[in-house]
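S.K.: Let me give you the structure first, and then I'll get to my questions.
The values are calculated or read from the model by the stated rules, or taken from the named source; none is laboratory data. Computed from a predicted model, the values in this text were never measured in an experiment. Here the Cβ is made from the backbone with ideal geometry for all residues, glycine too, and neighbour counts use every protein chain on show.
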Amino acid sequence: MISKWLEQATRGQTVWLPDVREGCARMEDAVPVTMQLTLCDGSKRDFSLPLPRWQNEQEQQFVKQYVTACVYNTLSACSGREMAFYLDARESEAAALLGQLDEVFQVRRTARSGYGKVINIADRLCRAFGGGRFAFAVRPQEDYSPAPDAAPVQGQLTERLRQAAARCGSGVCCGIDIGGTLIGMHLRRVAIPVRLSIKKIGEANILCARTRPKYIGGARAVYQEL
């Protein structure tokens, strides 16, 4: 089957990802793999990702590109904090191929390009939800626990995002602390010191501050100065 797709590509014909996915699902000798995505809110979703067995390096590269495309499409649509692959521990070649995703998606780099851009988005969402950075994992099938088959409540994620935005926006945008009255607790996050030429009013020290949004995207985020 892989050779058929390669011949099709060689003739300049398009090889569609849904066709490859459907063909792999029909293969009796395909390596069964469960792809479990942990979303940014902690919920989980399971996807079937049967891997065809390859006979040479060219076919192996085709399978690698197929896996990369499936992973990229899933992360583009759902994002998440972890993508774990569960398969028979004896399938060492398939496990090794899945282990290359860290490099393909540049997970351990700070400056990413190409496929790595989808990890940039995942990392930002993870930080916004209070989680760590995105990660891939390859685990034995016996460690697999099916994701709960409960339909998500409509609008649940939207409401959580609204609550997070409201928490960031509560408080005042700027203030003057005269005599150490501790206005910091009333400021929005993130507070930035403002240094004035006047340091005191009478004997009372003056401390001023303004606020700005969180730089969730790191140096790549650009906000208009307030």
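S.K.: Test GLU57 against the criterion of being among the charged types (D, E, K, R) and either at pLDDT below 90 or within 21 Å of TYR144 (Cβ to Cβ) (or both), and give yes or no.
M.R.: Values: among the charged types (D, E, K, R): yes; either at pLDDT below 90 or within 21 Å of TYR144 (Cβ to Cβ) (or both): no.
So GLU57 does not fit the description; no.
S.K.: Also, quick follow-up: Could you pull out every one of the helices (runs of 4 or more DSSP H) wholly within the range 1-84 that has 3 or more residues that are under 22 Å from ASP102 (Cβ atoms) and out of contact with any Ser or Thr (no Cβ under 6 Å at 6 or more places or on another chain)? It would help to see each step written out before you state the result.
M.R.: Numbers: elements: 2-10, 17-26, 57-78.
Here the list reads 57-78.
S.K.: Residues of the range 85-109 being among the aliphatic types (A, V, I, L, M) and not in a loop (DSSP other than H, G, I, E, B), which ones?
M.R.: We begin by selecting, within the range 85-109, every residue among the aliphatic types (A, V, I, L, M); these are 87, 89, 94-98, 101, 104, 107.
Residues satisfying the conditions are LEU87, ALA94, ALA95, ALA96, LEU97, LEU98, LEU101, VAL104.
S.K.: Here's a follow-up. Filter the range 110-138 for residues that are among the small types (Gly, Ala, Ser) and assigned to a helix (DSSP H, G or I); which is surrounded by the most Cβ atoms within 10 Å (Cβ to Cβ)? Let's see the steps before the verdict.
M.R.: The first filter runs over the range 110-138 and keeps only residues among the small types (Gly, Ala, Ser), leaving 111, 113-114, 116, 122, 128, 130-132, 135, 137.
Narrowing the set further to residues that are assigned to a helix (DSSP H, G or I) leaves 114, 116, 122, 128.
Details: GLY114: 10, GLY116: 15, ALA122: 25, ALA128: 16.
My answer is ALA122.
S.K.: Got a number for residues in the range 94-109 being crowded, with 16+ Cβ neighbours inside 10 Å and over 13 Å from MET83 (Cβ atoms)?
M.R.: Selection size over the range 94-109: 4.
S.K.: Right, something else. If I filter the range 13-39 down to residues being under 25 Å from the mean Cα position of the chain (by Cα) and of a type in the set (Ser, Thr, Tyr), which single residue comes out as nearest to ASN120 (Cα to Cα)?
M.R.: THR38
S.K.: Can we say GLY42 is under 20 Å from the mean Cα position of the chain (by Cα) and surrounded by fewer than 14 Cβ atoms within 10 Å (Cβ to Cβ)?
M.R.: Details: under 20 Å from the mean Cα position of the chain (by Cα): yes; surrounded by fewer than 14 Cβ atoms within 10 Å (Cβ to Cβ): yes.
Considered against the rule, which asks whether it is under 20 Å from the mean Cα position of the chain (by Cα) and surrounded by fewer than 14 Cβ atoms within 10 Å (Cβ to Cβ), GLY42 comes out as yes.
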